[in-house]
């Protein structure tokens, strides 16, 4: 008996040969097989209230993320994600007139919440995305998880 395809094996697209060159991307691609939607989960916290290295609070949070990671892996929905370095390591890039980039150190929104990590998960719908977001430790205790549906092509 052949094993059922995993979620990501079911994803596919093909170029529609009938599409005109230069047409908008949504007209150049067509879906051959329905694609499981992907969502990006951006986790924001107050950096000044984040647990510090070497504290029992950080150890507890790391254990919570470890349990969540195991659950996500077991469910087969993880497509990517990583923690972020402190906001002091952040920089922004802009190109205004010409081709020379201008960089600015620090986050775009000074003093705002810190984007401390992201996840990309396959979810069947918004309800499943909400359920996963509610399990992310950053959503508890004053943080926020912002969920973005990822456009499929």
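The values are calculated or read from the model by the stated rules, or taken from the named source; none is laboratory data. This is a predicted model, so every value here is computed, not measured. Backbone-built Cβ (ideal geometry, glycine too); neighbour counts: all protein chains shown.
Restricting attention to the stretch 124-153, report how many residues are closer than 24 Å to residue 47 by Cα and either at pLDDT 95 or above or crowded, with 16+ Cβ neighbours inside 10 Å (or both).
15
Name, by its number, the condition in (1) in contact (Cβ under 8 Å) with a residue 12 or more places away in the chain; (2) part of a helix (DSSP H, G or I); (3) out of contact with any helix residue (DSSP H, G or I) (no Cβ under 9 Å at 6 or more places or on another chain); (4) closer than 24 Å to residue 50 by Cβ that does not hold for residue 108.
Condition not satisfied by residue 108: (2).
So is residue 62 more than 16 Å from residue 116 (Cβ to Cβ) and assigned by TED's automatic domain parsing to the domain that holds residue 135 or not?
no
Does any residue of the stretch 57-79 turn out to be under 19 Å from residue 142 (Cβ atoms), surrounded by 11 or more Cβ atoms within 10 Å (Cβ to Cβ) and touching a strand residue (DSSP E or B) at 6+ places or on another chain (Cβ under 8 Å)?
No, every residue in the stretch 57-79 fails to be under 19 Å from residue 142 (Cβ atoms), surrounded by 11 or more Cβ atoms within 10 Å (Cβ to Cβ) and touching a strand residue (DSSP E or B) at 6+ places or on another chain (Cβ under 8 Å).
Kindly indicate whether residue 115 is under 22 Å from residue 36 (Cβ atoms) and not in a helix (DSSP H, G or I).
no
Restricting the search to the stretch 89-111, which residues are touching a strand residue (DSSP E or B) at 6+ places or on another chain (Cβ under 8 Å) and closer than 20 Å to residue 45 by Cα?
90, 91, 92, 105, 106, 107, 108
Across the stretch 70-88, what is the total count of residues that are assigned to a helix (DSSP H, G or I), at pLDDT 95 or above and either within 21 Å of residue 144 (Cα to Cα) or not assigned by TED's automatic domain parsing to the domain that holds residue 142 (or both)?
Within the stretch 70-88, residues that are assigned to a helix (DSSP H, G or I), at pLDDT 95 or above and either within 21 Å of residue 144 (Cα to Cα) or not assigned by TED's automatic domain parsing to the domain that holds residue 142 (or both) number 2.
Please pick out the residue among 124, 92 that is assigned by TED's automatic domain parsing to the domain that holds residue 42 and in contact (Cβ under 8 Å) with a residue 24 or more places away in the chain.
From the options 124, 92, the qualifying one is 124.
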